[in-house]
Structures are given as C-alpha cells and as structure tokens.
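Data first, discussion second: the structure below is written as structure tokens.
The values are calculated or read from the model by the stated rules, or taken from the named source; none is laboratory data. As the structure is a prediction and not an experimental result, all values here were calculated from the model. Backbone-built Cβ (ideal geometry, glycine too); neighbour counts: all protein chains shown.
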Amino acid sequence: MSPEEFRQHGHAAIDWIADYWASLEELPVRSPAQPGDVRRALPPTAPDAGEPFDALLDDLDAIVVPGLTHWQHPRFFAYFPANSSPVAILGDLLSSGIGAQGMLWATSPALTEVEQVVLDWLVRALDLPETFLSDGPGGGVIQDTASTATFTALVAALHRASGGEARITGVSAGEWRVYGSSQAHSSLVKAAIMAGLGEEAVRLVGVDPHTQSMDVDALRDVVAQDVAAGLRPLMVHACAGSTSTGAMDDIVALGEVAREHGAWLHVDAAWAGVAAVCPEHRQHLAGVELADSFVTNPHKWLLTTFDCSTLWVRDRTPLVGALSILPEYLRNRASDSDEVVDYRDWHPQLGRRFRALKLWAVLRTYGLDGLRAHIRDGVELASYAADLVRADDRFELLTEPVLSLVVFRLRAGDEATMAAMEAVNDSGVAYLSHTTVEGRMAMRIAVGGWRTSRSDVERTWRALQEAAEP
Ligand SMILES: *Cc1c(COP(=O)(O)O)cnc(C)c1O
C-alpha cells in the first residue's frame with residue numbers, strides 16, 4: 001500500500017468507524033455468536049495473493065460485527081465502560097503512524113517526555129500527591145492495564161522490603177504476606193502468583209456487610225497474627241472503587257496499618273480514580289498521600305481508548321531497582337548520564353508504544369471541563385437509575401450507588417434476578433453483568449459510556465421491568 005493508497009483507505013476506515021457507531025442502535029448489544037461461528041466463516045490459511053483492502057472492510061461487516069459485543073453501544077452497562085472516544089482513536093492512530101518505540105529516552109525522547117508531562121497534568125487534575133510528579137522522587141508511567149500496574153507495584157514492594165535480595169535470590173516460600181479485602185480485584189492474587197509469592201501469600205480480609213469496604217479491625221488482627229507467626233507483611237492493597245459494587249476502602253486506616261509494619265500501600269482505583277477530576281469526588285481518595293503506588297485507568301471511564309492505565313509511585317528507586325537490567329546493546333550516553341527516565345525499567349516489558357499521545361489528545365481536546373462534564377453525566381445517570389430502582393417495589397438496591405455504578409436485584413430472589421437480566425441481555429436491548437453481594441445475586445448497571453443518555457437508561461429500565469413481570 002503506497003502512502004497515496006493509505007490516504008484513500010484511511011478515509012474509508014474512518015468512515016467505517018463512524019458508520020459503525022451510527023449502526024449500533026440497531027444492533028444487539030451483546031453478540032449472539034455461538035462458539036466457532038466466526039472461525040468457521042474464515043479460511044484456514046492466509047491468502048497467497050494479496051487482496052484489496054476493501055475485502056477486509058467487507059468481512060468486518062459480514063463476519064466480525066455479528067461476533068462483536070458492542071462496548072461503545074449507548075446501552076452497554078456491563079462490567080465497566082471501556083470508552084473509545086473519537087479523540088482518543090485519532091490519538092491512537094497518530095501513535096501507530098509514528099510507530100516509534102519508547103523503551104529508552106534515547107529511542108525517541110518525545111515519547112518519554114510527553115508521557116511525563118501528561119502524567120504530571122493528571123497528578124494535578126486528580127489532586128494526587130506532589131511526590132508523584134516527574135521532577136520529584138516518584139513519577140508516573142502508562143501501563144497496559146491495572147493488572148500489570150499492580151504486579152509491577154508488588155515487585156517494587158518486594159525489592160524494597162527485601163533490601164534488594166529478592167531480585168537476586170528469589171523469594172522463599174511462605175515468607176511474605178499481602179493483604180487486600182475479599183472484594184479486591186483478582187489481579188492482586190494473579191500478581192502474587194506471577195511474583196512467585198503464591199496464592200497463599202494473599203490474605204483476603206473480610207468487609208463491612210453494608211459498605212463492602214475492608215474491615216480494618218479484621219486487617220489489624222490478621223496482620224498481628226501473621227507477624228507473631230514470623231511472616232512478613234509486604235503490601236496492603238486498598239481498593240478505591242471495587243469492581244463488584246464500587247466499594248471504597250478506608251485508605252487512611254489501611255495506610256496506617258501498612259506504615260506500622262513497613263509494608264507498601266498500593267491503591268487500586270482502576271475504575272473510580274479518574275472521577276477525582278471533579279473536586280466533589282476527591283473524598284474517595286482521601287489518604288492517597290500515604291500510598292506508595294496508585295493506579296487508575298483512563299481506559300475505563302476517562303474516554304481514552306484501551307489500553308491506558310496510569311501508575312504512579314511516590315519513590316521510583318525501588319521500582320527501577322527491581323526491574324532495571326542493562327544489556328550492552330541498550331547502553332547509551334543519555335542513560336549513563338542519569339538525566340533521563342528510561343521507561344523500560346518501569347514495567348515488565350521492554351518495547352512500548354506512544355500511548356501518551358491518545359491521553360494527551362483527550363486531555364487537550366475535551367479539556368478538564370469536558371472531562372468533568374462527562375464524569376458528572378455518568379454519576380447523574382446512575383443516580384437516576386437508582387431512583388428508578390427505588391420507585392419499583394419489586395426491585396431493591398443492594399448497596400448504595402457509588403459514582404456511576406448501581407447494584408440491585410429483584411426481591412423475588414436469585415433466580416428471578418438472573419432470569420430478568422438474561423432476558424434483557426438476550427433481547428439485545430441492553431447488556432448488564434452480574435455479581436454477588438453477601439452471597440446474593442445482583443445485577444449491575446455501570447453507566448459512564450460516552451454515548452449513553454437518559455433515554456438509554458429509561459429504555460433499559462423498561463426492558464427490565466417487563467422482564468420482571470410475574
Ligand atoms: C477493571 C479493574 C481492574 C483491572 O483492570 P485491567 O486494566 O483490565 O487490568 C483492577 N482493579 C479494579 C478495581 C478494576 O475495576
């Protein structure tokens with residue numbers, strides 16, 4: 001494809017995306033595809049002779065779209081939104097067009113420095129601690145996902161707690177303990193597995209039945225028992241906005257426990273953290289100044305095409321200490337001078353894309369005012385959805401709505417709850433996902449998509465009411 005042909009097909013690809021968005025209203029939100037449907041429609045081998053690019057767009061329509069669950073659909077309410085806004089898409093495309101690798105400052109200085117500036121902007125926009133700024137002892141880095149960010153933080157914690165031993169000798173079985181609530185994201189356990197600590201190293205502490213936030217007394221008890229048994233508290237994982245119900249742990253209290261035992265405090269605010277662009281939602285992050293690391297995902301609610309997860313550390317020394325490896329072929333004068341940041345030392349992988357470009361595009365084009373308006377919209381729609389739940393006796397809220405998340409069920413019980421949700425999902429009108437709260441099945445409506453309006457919430461609610469009819 002020549003640059004001229006690229007121009008032409010590029011226009012067609014952008015048109016395809018805009019047409020796709022326009023068609024969503026008519027499509028079932030959740031894909032009706034059965035296992036193997038998509039595979040069977042595709043040839044088993046790649047073509048020997050190249051085909052025209054248009055053939056690919058045709059197959060997108062004919063084969064791929066029916067196999068898609070439409071995450072950008074205005075009535076996608078499952079999990080959490082994965083907002084792919086037009087601005088972010090263009091930023092992502094430009095990043096692909098530049099096609100540079102940013103593993104070292106020297107491999108493309110702008111990739112590193114734009115990322116530092118944009119993450120500093122976000123520190124100020126979210127009112128995060130100054131120690132996270134790039135010209136202080138800490139700094140921020142864009143990771144692919146919050147899961148990787150939490151894993152990276154755990155490895156840094158291990159480096160600090162072991163005085164650097166862990167990277168040389170590895171870890172001995174059963175020595176370390178990591179604490180999170182029973183509502184902590186599964187990426188915490190996965191991080192412990194990947195770090196070689198093992199699942200048993202993770203203590204999942206009970207939660208308050210109403211708020212679903214960690215029971216701090218229970219945490220103190222578990223830590224005290226472990227210490228008495230000669231085990232070493234490595235990390236306390238605070239959840240600011242759990243995936244199940246949006247539960248908020250008390251970061252201040254968890255930070256105090258961590259500090260008493262020299263443990264690392266990691267705050268996982270993957271979904272909810274970005275709401276702090278609005279001053280009225282910053283109370284959820286109270287205590288974040290105690291955090292050794294903090295992660296939030298602009299790729300969920302903040303309109304930035306997946307993947308873009310932002311991790312900050314208060315002190316970059318243990319992070320770089322844990323992960324820095326310098327083979328001869330990567331040596332360069334800038335790195336040796338110590339005047340630059342080499343992001344390859346800040347995450348598991350070496351190569352890295354220019355992800356900061358899409359975040360930069362989002363922050364500049366929407367402006368903080370535009371982003372605040374988007375967050376406020378989501379919160380308002382969720383509060384509207386919660387009012388609808390309260391107004392119908394057949395339904396009940398299981399927890400108070402948190403930000404843009406509403407968790408509720410049918411009073412008739414687990415079976416009726418799941419049947420109503422599945423009926424709506426099968427109808428294609430909307431897509432909701434479920435969870436359990438204190439052993440009871442519940443549905444979740446996670447608002448916050450960039451195309452969702454009040455009428456989408458109303459239409460979904462009507463469908464749920466119909467499905468609930470006895
Ligand atoms: C979504 C979520 C994660 C995982 O996010 P990825 O970026 O997909 O790894 C972790 N923690 C919480 C609280 C989440 O909501």
Item to check | Which listed residue, of Ala146, Ala201, is within 16 Å of the ligand (Cβ to nearest atom) and within 30 Å of Val437 (Cβ to Cβ) | outcome: Ala146
Next on the checklist: Testing Leu56 on (1) loosely packed, with under 15 Cβ neighbours inside 10 Å; (2) closer than 24 Å to Glu25 by Cα; (3) of a type outside the set (S, T, N, Q); (4) in contact (Cβ under 8 Å) with a residue 12 or more places away in the chain, one condition comes back false. Which one is that?
Outcome noted: (4)
Checklist entry - Any chance the stretch 129-141 includes a residue that's over 30 Å from Glu400 (Cα atoms), β-branched (Val, Ile, Thr) and in contact with a Phe, Trp or Tyr (Cβ under 8 Å, 6 or more places away or on another chain)? => result yes
Next on the checklist: aliphatic (A, V, I, L, M), within 17 Å of Phe80 (Cβ to Cβ) and either touching a strand residue (DSSP E or B) at 6+ places or on another chain (Cβ under 9 Å) or in contact (Cβ under 8 Å) with a residue 24 or more places away in the chain (or both): which single residue out of Ala446, Ala463 fits that description?
Outcome noted: Ala446
Next on the checklist: If I filter the stretch 81-104 for residues that are of a type in the set (S, T, N, Q), in contact (Cβ under 8 Å) with a residue 60 or more places away in the chain and within 16 Å of the ligand (Cβ to nearest atom), do I get at least one hit?
Outcome noted: yes
Checklist entry - Within the stretch 393-409, which residues are in contact with a Leu (Cβ under 9 Å, 6 or more places away or on another chain) and within 24 Å of Glu469 (Cβ to Cβ)? => result Arg394, Phe395, Glu396, Val406, Val407, Phe408, Arg409
Checklist entry - What is the residue count in the stretch 204-215 for residues that are more than 15 Å from the ligand (Cβ to nearest atom) and closer than 26 Å to His159 by Cα? => result 1
Next on the checklist: Between a residue in the stretch 128-151 that is in a helix (DSSP H, G or I) and any residue that is more than 8 Å from the ligand (Cβ to nearest atom) and among the β-branched types (Val, Ile, Thr), which pairs come within a Cβ distance under 6 Å, given they are 6 or more apart or on different chains?
Outcome noted: Phe132/Val123
Checklist entry - From the residues in the stretch 268-325 that are in contact with an Asp or Glu (Cβ under 7 Å, 6 or more places away or on another chain) and either assigned to a strand (DSSP E or B) or within 12 Å of the ligand (Cβ to nearest atom) (or both), which one is nearest to Met214 (Cα to Cα)? => result Val295
Checklist outcome for this item: Those residues of the stretch 153-178 that are outside any helix (DSSP H, G or I) and more than 16 Å from the ligand (Cβ to nearest atom) come to a total of 11
Next on the checklist: Condition check: within 30 Å of Ser433 (Cα to Cα) and modelled with pLDDT of 95 or more. Does Val252 satisfy that?
Outcome noted: no
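Might you let me know whether the stretch 218-237 holds any residue that is within 11 Å of the ligand (Cβ to nearest atom) and touching a Gly at 6+ places or on another chain (Cβ under 6 Å)?
Yes, the stretch 218-237 contains at least one residue that is within 11 Å of the ligand (Cβ to nearest atom) and touching a Gly at 6+ places or on another chain (Cβ under 6 Å).
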Checklist entry - So, of the residues in the stretch 222-251 that are charged (D, E, K, R) and more than 15 Å from Leu188 (Cβ to Cβ), which turns out to be surrounded by the fewest Cβ atoms within 10 Å (Cβ to Cβ)? => result Arg232
